[in-house]
Amino acid sequence: MRGCTGYRPILDAAKAFACDKDKCPSASEEPADPAAEKGTRVTSCTAQAVQGAAEVKAPSFPEELKTAGLEPLKICGSKVTWYRPTDLASLLLLKQAEPKAKMVAGNTEVGIEMKFKQCEYPVTISTVAVKELHSLRFEDKTLVIGGAVTLSTLEHFLESQELPQRFQAHQGCILMGSLGT
């Protein structure tokens with residue numbers, strides 16, 4: 001565990017589940033020096049605590065949010081205008097109107113480019129809500145993958161298909177290797 005991730009709260013939370021937490025230095029009081037905990041092992045958990053946790057029901061996600069459709073969105077800031085079209089026709093019109101706009105389907109790379117390469121993107125278009133880009137299907141013997149399909153969605157889709165052994169071994173490796181770069 002790295003110190004920069006704030007290991008202290010994580011360790012203290014883990015101790016709450018340990019049946020031997022009373023042996024841990026911070027269970028009853030904070031040590032003066034956090035280094036005093038070096039070597040402390042949080043080991044086991046009581047069966048009763050685990051069973052009790054299993055009985056806790058997670059709150060349900062509001063049904064109206066599950067069924068609500070995404071609407072097109074435009075957010076204007078002092079330095080950036082961000083668009084979220086919901087269909088391919090709108091996306092293409094936006095890109096035609098803003099040819100230098102940065103198209104994103106996440107945002108990690110843009111954040112890196114802005115922070116470390118000092119790139120600026122005054123107009124950004126998110127493709128995440130464009131339903132046509134979430135297409136994932138076989139047409140004849142061709143796998144069609146939309147540009148906004150996530151790797152985990154693709155993986156689950158492929159696992160649910162009866163694929164020929166040759167595709168799984170050869171083309172599957174090429175596909176995943178290409179998508180991973």
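Among the residues of region 143-156, some residue qualifies, meaning at least one is of a type in the set (Gly, Ala, Ser) and over 18 Å from ASP87 (Cα atoms).
Of the listed requirements (1) in the same structural domain as LEU92 (by TED's automatic domain parsing); (2) loosely packed, with under 14 Cβ neighbours inside 10 Å; (3) part of a strand (DSSP E or B), CYS119 misses just one: (3).
Just to be sure I understand, how many residues within region 88-135 are at pLDDT below 90 and of a type in the set (Gly, Ala, Ser)? Matching residues across region 88-135 total 3.
Give region 62-102 a look and list any residue that's of a type in the set (A, V, I, L, M) and surrounded by 10 or more Cβ atoms within 10 Å (Cβ to Cβ), or say none. I'd like the intermediate steps shown before the answer.
Of region 62-102, the ones of a type in the set (A, V, I, L, M) are 65, 68, 70, 73, 75, 80, 88-89, 91-94, 97, 101.
Listed by number, the residues that qualify are LEU70, LEU73, ILE75, VAL80, LEU88, ALA89, LEU91, LEU92, LEU93, LEU94, ALA97, ALA101.
Only one entry of SER152, SER126 meets the criterion of being surrounded by fewer than 17 Cβ atoms within 10 Å (Cβ to Cβ) and out of contact with any Cys (no Cβ under 6 Å at 6 or more places or on another chain), and that entry is SER152. When residues in region 137-149 are screened for being surrounded by 12 or more Cβ atoms within 10 Å (Cβ to Cβ) and either in a loop (DSSP other than H, G, I, E, B) or assigned by TED's automatic domain parsing to the domain that holds SER90 (or both), 4 of them pass. Within region 103-116, being surrounded by 10 or more Cβ atoms within 10 Å (Cβ to Cβ) and charged (D, E, K, R) holds for GLU109, GLU113.
The values are calculated or read from the model by the stated rules, or taken from the named source; none is laboratory data. Since the model is a prediction, treat every value here as computed from it, not as a measurement. Note: ideal-geometry Cβ built from the backbone for every residue, glycine included; neighbour counts use all protein chains shown.
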